[in-house]
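Here is the structure we will look at.
The values are calculated or read from the model by the stated rules, or taken from the named source; none is laboratory data. Everything numeric here is computed off the predicted structure, so don't read it as measured data. Glycine also receives a Cβ, built like all others from the backbone with ideal geometry; neighbour counts cover every protein chain displayed. To get the accessible areas, we keep the full protein, side chains included, count just its heavy atoms, and leave off ligands, DNA and RNA. Shrake-Rupley method; radii C 1.70, N 1.55, O 1.52, S 1.80 Å.
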Amino acid sequence: MSYIMVINNSAWPLHGALSWAGIQQQCFNNLSKNGNTHDFVVGAGWHDLTIVPGTKLNKYDENKNNSAASIGNFMFKVLSLANPAPLGLMIAIQPSITGDMLQLELDPNGKGSGDIEIRLANSDIQLKPVTVTGLYASDGYNVTVSGGEVLGTYDKAANVYTITKVNPLALNWENRTSHTKGQGATVG
């Protein structure tokens, strides 16, 4: 037996699923950020891994055996975050000043954004899932997910934060047997 370790260095909690021939074999939900890990214990064969930015509404379900195709197409629109009421999402926003940019830390499972009004600079701001295909399970892998930082500007007088960019999620893998490395692809 070997394992595929997923390391969350992104700005979001993550959900992930390991599939074989389009059928979900294993999954996890709510992998916290700040370097937390999840190990998929695997035997042999080739597997695909799909990682999505995690919310309460898009969790993988072991009992339904979600395929990567069905849940992997989930496209996380920041617009949903900027106006959380219709979807019932709560977002904790913790501003920290870095130069002339205000970087927000969003927590889709958090306590709400408080009194700051949030706007989008344009409607194309999205955070998409990432995937890697053809992981040979017997070799074992370290998979690191990073990115997802929300950037924008803060107008203190108006108490408005305008989201100008969301860094995409990035998936980097390393084969623990051959020491080869690679990157995943964005879904959608």
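Assorted remarks:
- Listed by position, the strands (runs of 3 or more DSSP E) enclosed by the stretch 113-188 that each have at least 3 residues that are buried (at least 20 other Cβ atoms within 10 Å of the Cβ) are 130-136, 141-147, 160-166.
- Residue-level analysis places GLY54 outside the set of residues that are in contact with a strand residue (DSSP E or B) (Cβ under 9 Å, 6 or more places away or on another chain), under 20 Å from TYR141 (Cβ atoms), at pLDDT 60 or above and not β-branched (Val, Ile, Thr).
- Filtered by the rule that a residue be in contact with a His (Cβ under 9 Å, 6 or more places away or on another chain), closer than 22 Å to ASN167 by Cα and crowded, with 17+ Cβ neighbours inside 10 Å, the stretch 8-37 gives ASN8, LEU14, GLY16, ASN29, LEU31.
- Against the list (1) under 19 Å from ILE7 (Cβ atoms); (2) at pLDDT below 50, the condition VAL143 fails is (2).
- Scanning the stretch 1-58 for residues that are in contact (Cβ under 8 Å) with a residue 40 or more places away in the chain and not in a strand (DSSP E or B) gives MET1, ALA11, TRP12, PRO13, GLY22, GLY43, ALA44, GLY45, GLY54, THR55, LYS56, ASN58.
- Residue count for the stretch 38-55 satisfying the condition of being closer than 10 Å to TYR3 by Cβ and open to solvent by 70 Å² or more (accessible area, probe 1.4 Å): 2.
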